[in-house]
Amino acid sequence: MATQELEKTATVRPVGTIWEEGGVIYLRLEMPGVDKSDLDVRIEDDQLVIHGKRSDLPKDAHNVVRERRRGDFRQVYTVDDTVDREKIEANLESGVLLVTLHLKEAVKPRRIEIKAG
Amino acid sequence: MRLMRMPNGVPGTTGSYFDWLQDEINRLFDPEAAELGPGLLDRPAAPRVDIVEYEDRFELLCDLPGVDENDIELTIAANVLTLKGEKKAPVSEERRDKGCKLYRDEIWYGNFQRTISLPQGVDSENVGATSKNGVLTVSVPKRDEAKQRRIEIKSS
């Protein structure tokens, strides 16, 4: 997304859960109302940029109750060298984005065999 | 006063809490909003909703990302709409104990319930609900007598 355009767009940070399990880091972000075609997940240098456009917010309608946050979802994470950038996967299902980041083999804990001399 | 779950936000940072506090205080002084939403003193975890009025219907939109449709129970009696359900934890307690390292957990989960009073004159027989991209949309049509009608002015 172009910087200029971004400056004019209201964004909110999606809430989420981050956990590690078996050498894989999972990033689960809640982005209700974002369609697959409106979601952009990309790696830019050291940054993982996630941007989802909301298409479910009613425009020019008379809101009786308005509690949901307005604006697109946007979050930027810094990805360090321990993550294998070739193996990043993203999956969007019923408003939940799950990004899978595999750790490089070299970073995973390894058991070192002790040889008897 | 009940114990309440804190709003979505990053524990340890004040920014989101200030937003929340501001919302709550604004709400406290807004007599209309106080009736509609869960207030400052009694807030179980509840999903956020929007209600939009159209000429012929009301539409309720509710953010329920990752909640299975089978876990949502929607009932309507006269003009009171009740939305009940359960939001499951993304990482179960069991997995937390078994070598799963949790770095950050910001979402709320558990049972939720919202009761929403709609204005008089809704047709509770023809309520429709759909779910798309984690947003539940409930459409409640207005009864004919509640719809706006244009009255012809006759010249004499």
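Brief remarks on what is shown
- For A:Asn63: the one exception among (1) at pLDDT below 90; (2) assigned to a loop (DSSP other than H, G, I, E, B): (2)
- 2 or more residues of a type outside the set (Ser, Thr, Tyr), more than 14 Å from every other protein chain (Cβ to nearest Cβ) and within 20 Å of B:Leu83 (Cβ to Cβ): qualifying strands (runs of 3 or more DSSP E) within segment B:104-151: B:110-117, B:128-132
- Residues that are free of Cβ contacts under 8 Å to residues at least 40 places away in the same chain and either touching a Gly at 6+ places or on another chain (Cβ under 8 Å) or among the hydroxyl-bearing types (Ser, Thr, Tyr) (or both) within segment A:94-106 comprise just one, A:Ser94.
- Restricting attention to segment B:68-106, the residues that are surrounded by fewer than 14 Cβ atoms within 10 Å (Cβ to Cβ) and among the hydrophobic types (A, V, I, L, M, F, W, C) add up to 3.
- Hits in segment A:22-37 - residues which are open to solvent by 50 Å² or more (accessible area, probe 1.4 Å) and either at pLDDT 90 or above or acidic (Asp, Glu) (or both): A:Tyr26, A:Lys36, A:Ser37
- Residue count, segment A:94-108 (criterion: more than 30 Å from B:Ile72 (Cβ to Cβ) and either within 14 Å of chain B (Cβ to nearest Cβ) or in contact with a strand residue (DSSP E or B) (Cβ under 9 Å, 6 or more places away or on another chain) (or both)): 6
The values are calculated or read from the model by the stated rules, or taken from the named source; none is laboratory data. Since this is a predicted model, take the numbers as computed values, not measurements. With ideal geometry, Cβ positions are generated from the backbone for all residues, glycine too; neighbour counts draw on all protein chains shown. Heads up: the accessible areas ignore ligands, DNA and RNA and are worked out on the full protein's heavy atoms, side chains in. Shrake-Rupley method; radii C 1.70, N 1.55, O 1.52, S 1.80 Å.
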